[in-house]
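Quick notes on the structure that follows.
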Amino acid sequence: MRPLRPILIALIATALAGCASAPIFPATGNRIQATPQTVAATPEHYHGTVLWGGRVIAVSNQADHSEIEIFAFPLDPAQRPQPDDIGGGRFIALMPGYVERMNYPAGTLITLTGELAGVRSGRVGEAAYVFPLVRVDKSHVWKAAELKARSNVHFGIGVGIGIR
């Protein structure tokens, strides 16, 4: 039985690794690790690339680009927005060209990466608001099946009782 133990351990480790969700965008060490709310408060301190996600609020098509207003949420290790968590402010994703609203419907969860492009003053209802702007490089709209695709591996210890 001893010679089979290393093989069994290797098989279990491989199976568990296959169950983990991988990030959709490659990790880089130079991304800004601040929320949109933090960037909006002191925009002069932040320059560079962000990896943010959240819930689409609205899409606005301009003459040469489109803007998607997003309510930010923290991302899990697979870079999925976590809408059950506390939000981190709002931001505007600047998309090149025309974006079809049907591809980014309100309420959809999205993750994107891009370069900070300053801030813009606006309004949320009657309140004044400062929106960080992100010039989007890549984006991913999450489908319901992807959001449910979490690891189904669970470990437990149980006690059984047999009655004869």
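General remarks:
- Close amide H contacts of Tyr46 (hydrogens built in the peptide plane, cut-off under 5 Å, sequence separation of 5 or more or a different chain): none are found.
- Split the accessible area of the range 61-101 by element, probe 1.4 Å, and carbon with sulfur accounts for 52%.
- Across the range 39-141, Cα-Cα distances exceeding 16 Å account for 55% of all pairs.
- Annotation: Asp64 carries an accessible surface of approximately 120 Å², with a 1.4 Å probe and no ligand, DNA or RNA atoms counted.
- Accessible solvent surface per residue of the range 22-105, calculated while the other protein chains remain in place, 1.4 angstrom probe, Å²: 53
- Computed from backbone phi with θ = phi - 60° and the Karplus coefficients 6.51, -1.76 and 1.60, the 3J(HN,Hα) list for the range 53-67 is x, x, 9, 5, 9, 7, 10, 10, 8, 9, 5, 10, 7, 10, 10 Hz; x is used for glycine and proline.
- In this structure the amide hydrogen of Tyr129, modeled in the peptide plane, comes within under 5 Å of the amide hydrogens of Gly122, Arg123, Val124, none closer than 5 places in sequence on its chain.
- The 3J(HN,Hα) values that the Karplus relation (6.51, -1.76, 1.60; θ = phi - 60°) gives for the range 69-81 are, in residue order, 7, 10, 8, 6, 10, x, 9, 7, x, 8, 6, 8, x Hz. Gly and Pro appear as x.
The values are calculated or read from the model by the stated rules, or taken from the named source; none is laboratory data. All figures in this text were calculated on a predicted structure; none of them were measured in a lab. To get the accessible areas, we keep the full protein, side chains included, count just its heavy atoms, and leave off ligands, DNA and RNA. Shrake-Rupley method; radii C 1.70, N 1.55, O 1.52, S 1.80 Å.
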